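Novice: Next up is a structure, given as structure tokens.
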There are 2 protein chains.
Amino acid sequence: MTSCDHKADTLARRCAHCSLRRLCLPAGIDREDLPNLEKIVRKSPPIDEGSFLFHAGEESHGVYVVRFGSFKSIRMLANGDEQIVGVHLPGEVFGLDGMANRRFNLDSVALEKSGVCSVSFDQLESIFDRFPTLNRQVMGMMSREVSERHSHQVLMGRRSAVERVALFLLRYSERLESRGFVGTSFALSLSRQDLANYLGLQIETVSRTIGKLKEQNILEVDRRLISIESFEHLRDAAGVDQGEAVSF
Amino acid sequence: MTSCDHKADTLARRCAHCSLRRLCLPAGIDREDLPNLEKIVRKSPPIDEGSFLFHAGEESHGVYVVRFGSFKSIRMLANGDEQIVGVHLPGEVFGLDGMANRRFNLDSVALEKSGVCSVSFDQLESIFDRFPTLNRQVMGMMSREVSERHSHQVLMGRRSAVERVALFLLRYSERLESRGFVGTSFALSLSRQDLANYLGLQIETVSRTIGKLKEQNILEVDRRLISIESFEHLRDAAGVDQGEAVSF
DNA sequence: GAGGGCGGTTGACCCTGATCAACGGTCCCT
DNA sequence: AGGGACCGTTGATCAGGGTCAACCGCCCTC
């Protein structure tokens, strides 16, 4: 796949050689059509930890894909607090909810040094008719997004602290794995503070809960380095049956 | 608007004369094009309280709009419990998340005797090219759906019982009002059980919380009949600033 | 109209997780 | 190396809401 039988310029090579190709937008595109898509994709310069990719209310020009690093989507509350409503890992698409009114609904902050690709809405829509599967692909991403929200809603609804944390870790692990990373041992991109916020808990509770899972030898923990020692017991702690799907 | 200068058959008159027209799919359609849309809309027979409109996993043929009554969208858990992830009032669209893979992700249950209109996905997509605004319209509905999830996530994240109940009522009222109903006095379509489930609380807590709001003369309550006596105090209870938007 | 089921309310008690507080380790900066 | 900020952990206490239980009123059926 790395050998080229055509004169590919660096632009056209972007997607074709990207490790995330099969998970990303191009998944709906035939190999020979790929260069056409690649023309409308732009790489961003790296974004530092803690800095905003975009702010809610700003005009939105396109959709983003995480190339490396990770982002959190947050809703700012009137009292100054923030509520994290989404976490985006490499290969995941975000910002789609701005497609309708061309305006961001959320703030997006890099959780670490990160990079994205962006695709312009206008250009994306302009090629919908040429790539009918692409329209479907985008719809699919949106509905996937909705489904993910539903899952999180299940997590937040009347579940204990252990269940929330365990479920979160299982999903996080699964998402990493589906993206070609190691799902058993990883660096959490979220701080305890962000984790607590996302799970609707308090920072001390998260710390204690993780501590407990560590004591039970279900996890190995060193700050943000997590290693899952027993998926079986972690699933138990999460309150999901063995074999039951954990996400979506 | 009720006078007709063209020979409208009963089919074509459906949307043009529907009280929900401006909130529904036809909002993106010019008046003269409306008959074309109406051709692909089908009215369902009434659905009894408690019966399923569709089940998760079933093949999905289209999207639904509540004509009258209301529905809940639920996610069935492995242990038999259900989690309510959405409530749909008249004029609201649901089932869009099945568009991508032509399969329902959720179960949908009528909360009372209800009726829907349905629009076939295939037919909807087939007229996308003729009505470019319609594609945008559908995208808009999806992203609105996502935004609504985000709001609910804010509601569920580290908020007290009173805040949850008050916020829910404010939003419910607002949705009714935007649909042309009276927003100050209404019959809640959800049982206390469903309400508790949706808000991530216990049924007794919901009952007590509503009771407290009643004692403070913020609400008048008779079972499911709710009358909001003071929006100002209800907003206080919900923890939102006066003037701050309550939904989305 | 007696009986039973269902939905909702109220009371008493208890437990999970929030809150307040102090401490330890790591990183960064000079 | 010292100082300080930040992140995470741990302990002690407290309260919001979960849990268990009884009860009430409405509706339905027979």
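Novice: Tell me whether the stretch A:130-141 contains one or more residues that are crowded, with 20+ Cβ neighbours inside 10 Å, modelled with pLDDT under 90 and facing chain B (nearest Cβ under 7 Å).
Specialist: Yes, there is a match, as at least one residue in the stretch A:130-141 is crowded, with 20+ Cβ neighbours inside 10 Å, modelled with pLDDT under 90 and facing chain B (nearest Cβ under 7 Å).
Novice: Taking the stretch B:189-219, which residues are in contact with a Lys or Arg (Cβ under 7 Å, 6 or more places away or on another chain) and either away from chain A (no Cβ under 14 Å) or surrounded by 15 or more Cβ atoms within 10 Å (Cβ to Cβ) (or both)?
Specialist: B:194, B:199, B:200, B:201, B:206, B:207
Novice: Go through the stretch A:103-154 and count every residue that is of a type in the set (Val, Ile, Thr), touching a Phe, Trp or Tyr at 6+ places or on another chain (Cβ under 7 Å) and under 17 Å from residue B:147 (Cβ atoms).
Specialist: 0
Novice: Have a look at A:14, A:22 and point out the one that is of a type in the set (D, E, K, R), free of Cβ contacts under 8 Å to residues at least 40 places away in the same chain and not in a loop (DSSP other than H, G, I, E, B).
Specialist: Testing whether each residue is of a type in the set (D, E, K, R), free of Cβ contacts under 8 Å to residues at least 40 places away in the same chain and not in a loop (DSSP other than H, G, I, E, B) leaves just A:22.
Novice: Still on this model: Given the residues B:145, B:59, which is the only one that is among the acidic types (Asp, Glu) and touching a helix residue (DSSP H, G or I) at 6+ places or on another chain (Cβ under 6 Å)?
Specialist: The unique qualifying residue is B:145.
Novice: All but one of (1) free of Cβ contacts under 8 Å to residues at least 40 places away in the same chain; (2) of a type in the set (D, E, K, R); (3) farther than 27 Å from residue A:98 by Cα hold for residue B:194, so report the exception by its number.
Specialist: Here residue B:194 clears every test but (1).
Novice: All but one of (1) free of Cβ contacts under 8 Å to residues at least 60 places away in the same chain; (2) within 14 Å of chain B (Cβ to nearest Cβ); (3) within 27 Å of residue A:127 (Cβ to Cβ) hold for residue A:71; which doesn't?
Specialist: (2)
Novice: Next question, about the same structure. For the stretch A:160-191, name all the residues that are within 30 Å of residue B:99 (Cα to Cα) and within 16 Å of DNA strand C (Cβ to nearest atom).
Specialist: A:164, A:167, A:168, A:169
Novice: Follow-up. Could you count how many residues in the stretch B:58-89 are outside any strand (DSSP E or B) and closer than 25 Å to residue B:156 by Cβ? Spell out how you get there, then give the answer.
Specialist: Here is the first cut: in the stretch B:58-89, the ones outside any strand (DSSP E or B) are B:58, B:60-61, B:69-70, B:77-81, B:89.
Subsequent filtering for residues that are closer than 25 Å to residue B:156 by Cβ retains B:70, B:77-81, B:89.
The qualifying residues number 7.
Novice: Output the qualifying pairs, or none if there are none: Cβ atoms under 8 angstrom, residues six or more apart or on different chains, first residue in the stretch B:234-248 and among the β-branched types (Val, Ile, Thr), second residue at pLDDT 90 or above and assigned to a loop (DSSP other than H, G, I, E, B).
Specialist: From residues that are among the β-branched types (Val, Ile, Thr), the pairs are B:246/B:240.
For (1) away from DNA strand D (no atom under 11 Å from the Cβ); (2) over 25 Å from residue A:60 (Cα atoms), each residue gets a yes or a no:
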site	(1), (2)
A:119	yes, no
A:129	yes, no
A:167	yes, yes
A:171	yes, yes
A:175	yes, yes
A:189	no, yes
A:192	no, yes
A:195	no, yes
A:199	yes, yes
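Novice: State all residues of the stretch B:83-108 that are over 23 Å from residue B:136 (Cα atoms) and more than 10 Å from chain A (Cβ to nearest Cβ); if no residue qualifies, say none.
Specialist: B:87, B:107, B:108
Novice: Still on this structure, I have one more. Take the residues of the stretch B:155-166 that are crowded, with 19+ Cβ neighbours inside 10 Å and at the interface with another protein chain (Cβ under 8 Å from one of its Cβ atoms): which is nearest to the chain's Cα centre (by Cα)?
Specialist: B:156
The values are calculated or read from the model by the stated rules, or taken from the named source; none is laboratory data. Fair warning: this is a prediction, and the values are worked out from it, not measured in the lab. Quick reminder, even Gly has a Cβ in these numbers, built from the backbone with ideal geometry, and neighbours come from all protein chains shown.
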